[in-house]
Each structure stands twice: as structure tokens, then as C-alpha cells.
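Just below is one structure, and these are the notes that go with it.
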Amino acid sequence: MFARGETIVQLMERLAPKHYAVPDDKIGLQVGSVAKEVHKVLVSLDVTPAVVEEAAQLGAELIIAHHAVIYRPLAHLRTDTPAGALAASLLRKDIAVYISHTNLDTAEGGINDLMAEALELKGRDVLEEVHTDRLFKLVVFVPETHHEKVRSAVFAAGAGWIGNYSDCSFNIEGTGTFLPREGSKPFIGKQGKLTETKEIRLETIVPSSVRKKVISAMLKAHPYEEVAYDLYAMDLKGRSFGLGRVGTLPAPESLDQFAERVKTAFGVPFVRMVGDGAKPIRKVAVLGGAGAKYVRHALFAGADVLVTGDIDFHTAQDALAAGLSIIDPGHHAEKIMKPNVAKWLAEQLKSKGYETEVFASTIDTEPFKLR
């Protein structure tokens, strides 16, 4: 059994929900259709003619990429232009393209977490907040016989977290009353007779991101035909998601030593460095892609160094004057997403019984060469 494209997209949006993206980011399905069975998926950083040919040779019907294939508005779709020719090639080969960009940067387990993990950063926090999970209070009334079943189900679905504490709930015993009318099929009691039964009022916290999943799990585990429950919006801040990460190295090291760590972690032949090579480095800010505008965020976070790409001359001067070192491994360091996203997606598909194969692109889309 092979997964349909819509199913694969749903899985990707579980890893990197679309609402995690920054405003106006070009994400989602950009070329082709996912209303079909997909036998093979190719995960790539970019979509270039070489990547399209790689997908065609593999027999992949879907490319999942980080960088948009259509980023700037197209005034026309002429096949004698690079953009038009690329789109025409994809359509001829019936290869769809789905983009997961800043939502994948922001997501837990996404590009910025992968980069932070590769650098072995501890105690990580978000560099710039993009989205905060709204919190809700779920209150559901459960017969004593099914209390543990319902509570376990909502916890397994993602409810009950307060900070680093899981399985948080409050439980009060009481008496529930109801009168089953004609057409009802009561789990307890009989039609036409007022029923009193011992119930437990179960209260727990539900983040907005898993609200539908938690309610579905609760209803499935609950024995009643009609479940009495309430969901209250709370004026409390939930978990924050955002761009970049800030964390600490296991032990201090010089900027020169750290530069070698960055080269190894991201598999790049060189880095550009701003700062004194002997400077001790402990607190690190990292942001995939182009991070010149995040220098002030790194300074505010107290970072000794910012690891990011596409740093320009004047930004480097300003950072140096402010006492912030910079390591620039290039925008292409985001290639770290290819094997990791491919592995995650393959595991998700396999766990659901699908035979769809997932491949990480082997094409090097780095445009810069050293001479």
C-alpha cells in the first residue's frame, strides 16, 4: 500500500505546521498535484534542473524542498526562461513540489534544532519568537469506570503538559444526572428514567496545536453516547516556537576551535569568521539561512557568537564593534535537513504501513565555488 500525496503532506505539516511560517512566506504545494499515490519521495534543499532529473531517475512523484521553487511572482510562464523551463519540466514529468520553509526552520526537530544539535548546544532556547501555542483548559465528566482510560488517552494525545511536567490533571468526584430520551442508547441507565451516577470531573491543559487530536482521543475513549465536556481559552502563554536557537557548548573553546566544529558539523569546506580567533566561546546563537538581521537578537540573548549565513560587510563590521563574533558557513549549511527530514518521513510512513520510499537528494545545490 502506497501513501497518497495528501497523506504525505499531512505528515509534513505535523512536523512543520504551516502556521509556524513567517507571514507571506512561500510554502505549501507549489507545482503539480498531490491527489495521487506516491511511490517515491525526494527530499531536497532546493529544486534545480539537476534535482528534477534526479527525481525523475528515481521515479519520485513528489519533491519536498526547503527553498521555494516559485519565490518571486511570475509575470508569465515562458518555457524559454529558467523559471518557466523548470516548471514545464516538473509538469511534463508529473512531479509535484511541496515547500516547507520557515515553518520547518521554526518547528521542533526542524532545521534550527538540527543545526543546534550538530553543534552540541545544551539548554537551547528560541532566538526570535514566531508563534506561541495558545492554551486551553479541557473539562470532561467521566464515569468512574472509565476515568483512567480517558485520562490516559488525552495525555497520550498531548494534553497535560505544564513546562517540563507531563500528565498534569485535577480530578474531582461528584454526581452526574441525565434523563435518556427516546432514541438514545445510554451506556448507564434506561430510557425515560432519571439517572444519577458517580462521575469524575477531569481537568487538564491542552495546547492549541494538539486540540483536535486531544478532543478526538477523549471522545473515542469515553463510553457515553453524548459526552459532556467544556473547552476554555486561557489567558496564559504556552510553548514558544521561533527562528534560530541559543544554547551553550559543553565546555568553552576558542573561536578558532569553534570554527572547526562548525565546519565539521555542517560538512562545509570553509567558513567566514568575524572576531578574534583566541576569544573564548561558550554561548552560541545559530540560525539557518540568511541571518544578518538577527545580530541584535544574538546580542540581546548574550551570545558570544552567531552562526548563520549570508553575512554582508557592514553587518560584520557592526557585529565586531558590538563584541559579537560571527561564523558564516554559508546558506547551504541548511542541507542538514535532507537526510534528517527524509529519515523522519520514512519512519512515519513505515509506522503507518505504507510502502512509499523516501530519499535524500544527493545533488549539491551550493552555487559558490572556491578558487
Next item on the list: Identify all lysines with a Cα-Cα distance to Lys190 below 21 Å; exclude those on the same chain that are fewer than 8 residues away in sequence.
Entry: Lys198
Notebook entry, point to check: Measuring from label point to label point, each 7 Å out along Cα→Cβ, what is the Phe178 to Lys122 span in nm?
Noted result: 5.2
Next item on the list: Calculate the spin-label point distance for Asp256 paired with Asp364, positioning each point 7 Å from the Cα along the beta-carbon direction, and give it in nanometres.
Entry: 2.7
Next item on the list: Quick one: which residues, 5 or more positions from Leu62 or on another chain, have an amide H under 5 Å from its amide H? H modelled 1.01 Å from N in the peptide plane, none for Pro or chain starts.
Entry: Lys40, Leu42, Ala96
Check: What ranking of Tyr20, Tyr98 emerges when the number of other C-beta atoms within 10 Å of each C-beta is taken as an exposure proxy, fewest first?
Finding: Tyr98, Tyr20
Next item on the list: Quick one: what are the phi-derived ³J(HN,Hα) couplings along the range 92-106, Karplus 6.51/-1.76/1.60 with θ = phi - 60°, whole Hz, x for glycine and proline?
Entry: 4, 8, 6, 10, 7, 10, 10, 10, 10, 10, 5, 5, 6, 4, 6
Checklist line | Distance (nanometres) between label positions extended 7 Å along Cα→Cβ at Val22 and Thr145 | finding: 5.6
Checklist line | Coarse-grained scattering of the chain at q = 0.07, 0.10, 0.13, 0.14 Å⁻¹, given as base-10 log I(q)/I(0) from a Debye sum over alpha-carbon atoms | finding: -0.43, -0.77, -1.08, -1.17
Notebook entry, point to check: How large is the helix-only mean residue ellipticity at 222 nm for the chain, computed as the sum of -39500 (n - 2.57) over DSSP H runs with n ≥ 4, divided by its residue count, in deg cm²/dmol to the nearest 500?
Noted result: -8500 deg cm²/dmol
Notebook entry, point to check: What angle, in degrees between 0 and 90 and rounded to the nearest 10, separates the Cα long axis of helix 255-266 from the longest principal axis of the Cα atoms of the chain?
Noted result: 60
Next item on the list: Using θ = phi - 60° and the Karplus relation 6.51 cos²θ - 1.76 cosθ + 1.60, list the HN-Hα couplings for the range 309-317 in order, rounded to whole Hz, with x at every Gly or Pro.
Entry: x, 6, 6, 8, 4, 5, 5, 4, 4
Check: What residues have an amide H closer than 5 Å to that of Val307, excluding those fewer than 5 places away on the same chain, when H is modeled at 1.01 Å from N in the peptide plane?
Finding: Ala285, Val286, Leu287, Ile327
Notebook entry, point to check: Can you list the lysines whose alpha carbon sits under 22 Å from that of Lys18, skipping same-chain ones fewer than 8 residues off?
Noted result: Lys26, Lys36, Lys212, Lys213, Lys237, Lys335, Lys338, Lys343
Next item on the list: Just subtract the alpha-carbon distance of Val227 and Gln57 from 0.36 nm times their residue separation and send over the number in nm, one decimal.
Entry: 55.9 nm
Note to self: Spelling out what I want: for every residue of the range 182-195, take phi, set θ = phi - 60°, compute 6.51 cos²θ - 1.76 cosθ + 1.60 (Karplus), and round to whole Hz; glycine and proline get x.
What the structure shows: 4, x, 7, 10, x, 6, 10, x, 10, 4, x, 10, 4, 10
Check: Once you list every other residue whose beta carbon is under 15 Å from the beta carbon of Ile200, what net charge do they have if Lys and Arg are +1 and Asp and Glu are -1?
Finding: -3
Check: What is the sum of charges around Ala259, taking Lys and Arg as +1, Asp and Glu as -1, for the other residues whose C-beta is under 13 Å from the C-beta of Ala259?
Finding: -2
Checklist line | Potential extension, Cys168-Asp310 segment - 0.36 nm per residue separation minus Cα distance | finding: 46.7 nm
Checklist line | Anchor Lys350: lysines whose Cα lies under 17 Å away (excluding residues fewer than 8 positions away in-chain) | finding: Lys40
Margin query: Can you give the local net charge around Thr175? Use residues other than it whose beta-carbon is closer than 10 angstrom to its beta-carbon, Lys and Arg +1, Asp and Glu -1.
Written below: -2
Check: Which order, highest average first, do 278-284, 187-193 follow once you tally other Cβ atoms within 10 Å for each residue and take the mean per peptide?
Finding: 278-284, 187-193
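Just so you know, all these numbers are worked out from the coordinates, no wet-lab data involved. Fair warning: this is a prediction, and the values are worked out from it, not measured in the lab. Neighbour counts are summed over all protein chains in view; Cβ atoms, including those assigned to glycine, are modelled from backbone coordinates with ideal geometry.
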